[in-house]
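Input: a single structure, listed below in structure tokens.
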Amino acid sequence: GLSKACSVVASGTAPLSYQWSFNGSELADATNASLLFAGLQASDAGDYTVTVSNAWGPVTSAVATLTVLVPPGITTPPQSQAVVRGQTPTFTVDASGTAPLSYQWRFNGSTLAGATNAALSLSNVQSNQAGNYVVVVNNSVGSATSSVAVLTVYVPAGIATQPQSQTTTQGWSRTFFVVPNGTAPFSCQWSLNGANMTNET
């Protein structure tokens, strides 16, 4: 989006006329000693020459090559995921811009050491890895930060406190209880000698 100008200083008997060319083709209305680019785009990159003429003939300049460096942009951001503890989620990002591009992943605002590729795989994920992930993409002219991808980690049901064996007298009531852990909601199915009993939660 920047502006840039190419110009030439010519000598010879006036009046002089100018004609700029881009990659060998004449540019319409490019007939001044300067060629102004307003809002440079990647498509403006290439080879430019100018032909200067007077009544005694033309002369063409040497080739001037214009290179346009494009800051990074996020074309496809990483997507939020929900997985079960122990799985291996992978976040990916697609980015554009002038190569080489470099990547740095962040977790809850902190830099992840060694996480410098376009893909981030988390092997055997644990609940403490649930949170917000972003990636910063850099090149020689700028940086871009992705939107947040949220990782949710579900923990399979487990038993934190086992039911305890009890001895009681016939006709009295007793209560067995269990304390579950994991990701709620929980359901519980009690069995008596291998046969299912009424569900209690």
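The values are calculated or read from the model by the stated rules, or taken from the named source; none is laboratory data. Just so it is clear, the model here is predicted, and its values are computed rather than measured. Glycine also receives a Cβ, built like all others from the backbone with ideal geometry; neighbour counts cover every protein chain displayed. Side chains included, ligands, DNA and RNA excluded: accessible areas come from the protein's heavy atoms. Shrake-Rupley method; radii C 1.70, N 1.55, O 1.52, S 1.80 Å.
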Problem set entry | Condition check for residue 34: open to solvent by 50 Å² or more (accessible area, probe 1.4 Å), more than 30 Å from residue 155 (Cβ to Cβ) and under 26 Å from the mean Cα position of the chain (by Cα) | no
Problem set entry | Residue in region 43-50 that is of a type in the set (A, V, I, L, M, F, W, C) and either exposed (fewer than 12 other Cβ atoms within 10 Å of the Cβ) or touching a Phe, Trp or Tyr at 6+ places or on another chain (Cβ under 9 Å) (or both) present | yes
For this session: Output the number of residues of region 117-140 satisfying the condition of being open to solvent by less than 70 Å² (accessible area, probe 1.4 Å) and more than 23 Å from residue 85 (Cα to Cα).
Result: 5
For this session: Go through region 145-159 residue by residue and tally those that are farther than 17 Å from residue 109 by Cβ and either touching a Phe, Trp or Tyr at 6+ places or on another chain (Cβ under 8 Å) or among the small types (Gly, Ala, Ser) (or both).
Result: 2
